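For reference, the structure discussed in these notes is given below.
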Amino acid sequence: MGRPSLQERWGMWYNAHITGLCKSVHMKIPQDERVEQICSRVAEGMTIRAIAKELGITAGRVIHIVSANEEASKLYSRARDAASDIFEADIIEAAREVTPSTAGADRVKIDALKWVAARRSPAKYSERIRQDHISSDGSMSPAATGAAVLEALARKYDS
């Protein structure tokens with residue numbers, strides 16, 4: 001077992017520095033600048049893994065950076081919301097380009113983009129329907145219903 005070759009030493013250095021094992025790499029770029037870099041890429045529709053690879057850090061490190069504080073989390077959430085709008089544009093573009101010979105593959109692509117958009121911005125793109133159960137006289141409001149239940153339980157156990 002001799003001395004590692006230059007290529008092996010380069011590989012070891014690269015792995016130590018690029019994968020995030022060496023803390024000095026992370027100190028070169030200020031944290032807020034990293035949050036901006038990550039969020040701009042998220043808003044473009046990139047995945048966490050693709051961002052990590054591009055920045056030369058691990059996916060876990062990317063998640064740690066965007067969840068480091070409340071402001072970073074808010075920026076990340078807004079970036080995910082913006083990305084869902086990009087996915088909407090991709091869906092429309094894919095739907096316009098469908099041909100009879102590519103319909104099956106395009107359907108899978110469109111369904112995948114819809115799924116991602118719904119997960120990134122559920123308020124806008126989720127297929128779930130929100131129903132509010134409110135009566136016109138207010139008798140079905142949560143407060144009125146809760147009070148009615150408590151009265152019924154009190155009568156039941158008082159007898």
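The values are calculated or read from the model by the stated rules, or taken from the named source; none is laboratory data. On a predicted model such as this, the values are computed, not experimentally measured, just so you know. Positions of Cβ are backbone-derived with ideal geometry, glycine not excepted, and every protein chain shown enters the neighbour counts.
A few remarks follow.
- Residue match in the stretch 125-135 (condition: within 28 Å of ARG78 (Cα to Cα), at pLDDT 80 or above and within 21 Å of the chain's Cα centre (by Cα)): no
- Residue match in the stretch 4-27 (condition: under 13 Å from the mean Cα position of the chain (by Cα) and either modelled with pLDDT of 90 or more or assigned to a helix (DSSP H, G or I) (or both)): no
- Where helices (runs of 4 or more DSSP H) fall entirely within the stretch 47-129, those with at least 3 residues that are surrounded by 13 or more Cβ atoms within 10 Å (Cβ to Cβ) are at 48-55, 59-66, 70-96, 103-120.
- The stretch 44-68 residues that are free of Cβ contacts under 8 Å to residues at least 12 places away in the same chain and within 25 Å of LEU113 (Cα to Cα), paired with ones that are in a loop (DSSP other than H, G, I, E, B) and β-branched (Val, Ile, Thr) (beta carbon under 9 Å, 6 or more apart): ALA52/THR58; ALA59/THR47
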